[in-house]
Structure formats: C-alpha cells, structure tokens
Amino acid sequence: MKSDPRMRPLGDFVRLISGNTPSKADESYWNGDTPWISAKDMANFWIEDSEDHLTPAGVAAASRLVSPGTVLMLTRGMTLHKRVPICRTAQAATFNQDVKAVLPREGLSARFLPYLLVGNHDRLHERVDAAGHGTGRLNTDALLAFPVWVPAPLEQDAIASIGEALDERLRLLRETNATLEAIAQALFKSWFVDFDPVRAKMAGRAPEGMDEATAELFPDALEETELGVVPKGWAYQPISEVVEGVYDGPHATPPEANSGGVFLGIKNLTGTALDLSEIRFIGDAEWAKWTKRVEPRAGDIVFSYEATLGFFALIPPDLRCCLGRRLALIRPKGKDGAGHFWFHQFVAPPFQALLAKHTIQGATVNRIALKEFPSYPVLVPSQPLRAAFHDVASGLWAKIQRNQAQAQTLAALRDSLLPRLISGQLRLPKLMEAKVA
C-alpha cells in the first residue's frame, strides 16, 4: 500500500513535557491551590479542577506549571479498553509523571491541536501497549512517530471552531447538570439532614422556600432516638421495609456484542449518576440469561457494593440495561415509592458514613455485605413529605437526564465528525454544502 505523502510524524508539530510528583513526605508541598493532575482527574475533555493540589513550594518542586488551555495526554496507567485520555486544563495546573503536556510547534494551531489528537483517538489507541495490571502505556517514541495529516492554517482554525462549539455546548450541559443536582442535594440536606424547616417552626418562624401546604408537613419538635435526634414522629426503619426489594447482579461478564442492551459496570457510575460514554453491549440472544435475577427499569437505583463503594445512580428512562459484576439494584415501591427521596438519602453524608462503618476491608478490594444491606437503617419521614421531596427532585432529574441524552448525541456527533475532518475524508467546503442542502 502506498503511503500518504501528506502524513508526517506528530513530533514535527509538537513537543512533549513530562510531569512529576513532589515528595509525598513533605507536607509543605501539598494541599495548596494549584491543581496537580493525575489519571483520576482526566474523565472529561476539560479539567476544571483536580483531587490533589500543590502549594507554591510544591509547584516549584514539580517545575511543570502549564497555562490554561494546555493539552494533556495520559500516556501511562490508562484502562486498556478505553480511549486514550486527552484533556485540556481550565486553569493553570501541574501534573504527574503519567501525564504529558502536548505543546504545539510552529505550523500547528494551538486551537487545532486538541482536535487533531481527539480526531485520531482510534488510531492512537492502536499504539497502546499493555503495561501490566490491566493498564496501558503509550511511550514517547510511539507518540512522536505517530503519523498525522495537518491541514493548512485556515482549515485548522475552521475545524477547531467546530470542535470548540461542540465542546462548549457539552461543557455547558455538564455545568447545568451539576447545578441542578446540587440544588436537589442541598434541598435534601436542608429538609432531612439539618432539619431546617423543623428548627424554623421550633423558633416560631415560617420555614423558608416553601408554600404553606409543604410547611405543614414538617413537625415542630425534635426527639431523641437510639440513632440520634430526629423530628418528632419520624423514625429509622430497615431498607427492606421501605422499598420493594434489593437485587444482586450476575457474578460474571457476558460475551461482548456490537449492539443490544447495555451491560453496566462500576466504570459507568460516577458517584451519583451514570456515565454512558464508554459502554459494553450484550447481544439479544444472551439477554434473558443476564437479566434473570432482575432487569433494571426507569427509576430503579443501582449501586456498587465492592471495590468502588458508595456509588449510586438512578436508571433513566429508555435505557435497556442489565447489572454488571459488583453492582446491585434497589427497586422503590410501585405506589408512593418516592424513589428520588431514597436515592438522595443513599448519597447523602449520613448514609455514606454508615456504609463506611460497615465496609469490610479486603486483601484485594473493599466491600459491604450485600445480604446485610437491606437491614441498614434509613430515616423515614411521613409519606406525604417523602412524596413532596420526590416531586421536586424528580423534576430536576428529568432535566438532568434530558441534558445527559443531548450530551451523548453531541459527543457521538463530535466523535464521528472530527476523525473525518482530521483525516481529510470530509473537507469543509463539502460540509458547508451539505448544511445548505
């Protein structure tokens, strides 16, 4: 096969900077304000922040501070079946030795660079080698020798404009969803953790932010129970008494298919929601076998009970899926089940602390005993009050789920369009003609 004369090594257009890790033993380096990025922070295209941060002394020791908008690529420690993580920094940041900053040389637009890499995701992944323990590695020589086609400057900027428009829309959808979820969580905390409406009534004040009918649902006194102070008339009950059931998933992994239902895994749980950007399918011939115990339906609550603990997510409408290994499902009652109330109780700090208390430390993974989970106590207010919260939260989550569906559509468009533009298979004049037609 004849080689494409347009293709040149990526190293002709970029230079790489490796990160490092300041000494963990020196406390003066850590818990500052500057993000220090590692693999766990590279879930989205834009990195808004990181789990770990460096002080000015830590930044000096790292000596790898990059400016906002810098392209970062994870080159070691990636999950083999996933795509090569390529991200951009939303603020000045540092990074560890598993990450490389990719900086453009003359002739390559800084705006175009991230889309050049994203548009070649599949080809890049073909160069990933196994590094042990189920992780992958993309070494520097393979990356710099990677052949790419870089179009003329005007076309680079035009392609970048398309990529930026799509990514800005995706970013806005994520930010909107984060705000909507924060509102629901704050409302749950106010009503059912801090008991603000009850305390207001005890002080002779009207509860804020609600109508009179909702305010009437709250008692005006607190009382002691074996599990702590709660509003008068509320009680703790086992999970098994307030939901329809708790169901375990299969303890194996089915053959992968090209289409069909979605096989949910721990990797699809973010903590409070589902991430379906990377999914595994189950063929229809296998479906009955893998959903024999339970087939998830809209409104069910899926959660992890091994390895990554304390993650819960609501099953959205129109998702045909089955549970993967180490996942279980809580099904709210069909009538007056108030599923959103229970979901928010499970992700709230008091229940998360209860899970931590019951965590069994294992040699390889931590877990909770699933057979004991239905006996865990949950706070049970009156049914009308549970329903009132459910009505508010379900409206917020309906908007979140619509936004998630729109984001998936936009991401699929970006992932199909960019490779064709980057490779030259689809040229911009033809794209514009198609839009006009």
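The values are calculated or read from the model by the stated rules, or taken from the named source; none is laboratory data. Bear in mind that the values here come from a model prediction, so they are computed numbers and not experimental data. All Cβ positions, glycine included, derive from the backbone under ideal geometry; neighbour counts span all protein chains shown. Areas reflect the complete protein model, heavy atoms only, side chains present, ligands, DNA and RNA absent. Shrake-Rupley method; radii C 1.70, N 1.55, O 1.52, S 1.80 Å.
Values computed for the structure shown
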quantity: Relative contact order [Cα under 8 Å, 6+ residues apart], the chain, whole percent; calculated: 14
quantity: Model label zone, residue 46; criterion: amide N under 11 Å from point 7 Å along Cα-to-beta-carbon; scope region 67-91; calculated: 69, 88-91
quantity: Partner aspartates and glutamates for residue 399 [C-alpha distance under 14 Å; skip if fewer than 8 residues away on the same chain]; calculated: 175, 181, 391
quantity: Computed E for residue 357/residue 164 - FRET, C-beta separation, R0 56 angstrom, nearest 0.05; calculated: 0.75
quantity: ³J(HN,Hα), Karplus 6.51/-1.76/1.60, whole Hz, each residue of region 335-340, x for Gly, Pro; calculated: 10, 6, x, 6, x, 5
quantity: Farthest positive-ward along the chain dipole, Cα basis, beta-carbon charges - from 7, 380, 191; calculated: 7
quantity: Accessible surface, the chain, averaged per residue in Å² (probe 1.4 Å); calculated: 50
quantity: Charged-residue dipole, Cβ positions (Lys, Arg, Asp, Glu), the chain about Cα centre, Debye nearest 20; calculated: 1400
quantity: Cα centre as origin, Lys/Arg/Asp/Glu Cβ charges: region 1-118 dipole, Debye; calculated: 760
quantity: In degrees, nearest ten, helix 153-192 long axis to first principal axis of the chain (Cα); calculated: 10
quantity: Average Cα contact separation per residue, region 337-437, under 8 Å, 6 or more apart, as relative contact order %; calculated: 27
quantity: Carbon + sulfur, % of accessible area of the chain - ligands and nucleic acids excluded, 1.4 Å; calculated: 52
quantity: Extension gain from residue 370 to residue 416, taking 0.36 nm per residue of separation minus the Cα-Cα distance; calculated: 12.5 nm
quantity: Ratio of Rg to Rh over region 210-291 (Cα coordinates, Kirkwood Rh, two decimals); calculated: 1.23
quantity: Eligible aspartates and glutamates near residue 289 by straight Cα distance, threshold 17 Å, same-chain separation 8 or greater; calculated: 248, 256
quantity: Additional length obtainable on full extension of the chain from residue 220 to residue 193, 0.36 nm per residue less Cα span; calculated: 8.2 nm
quantity: Distance between modelled label sites at residue 213 and residue 141, nm, 7 Å Cα→Cβ extension; calculated: 7.3
quantity: Lys/Arg +1, Asp/Glu -1 at C-beta; region 317-437 dipole; positive extreme among 413, 323, 359; calculated: 413
quantity: Size of the chain as Cα extents on the principal axes (Å, biggest first); calculated: 77, 58, 52
quantity: Helix-only [θ]222 nm of the chain, DSSP H runs n ≥ 4, -39500 (n - 2.57) each, per residue, nearest 500; calculated: -11000 deg cm²/dmol
quantity: DSSP-assigned coil residues among trypsin sites (Lys or Arg not before Pro) in region 97-137, each with at most 12 further Cβ atoms within 10 Å; calculated: 105
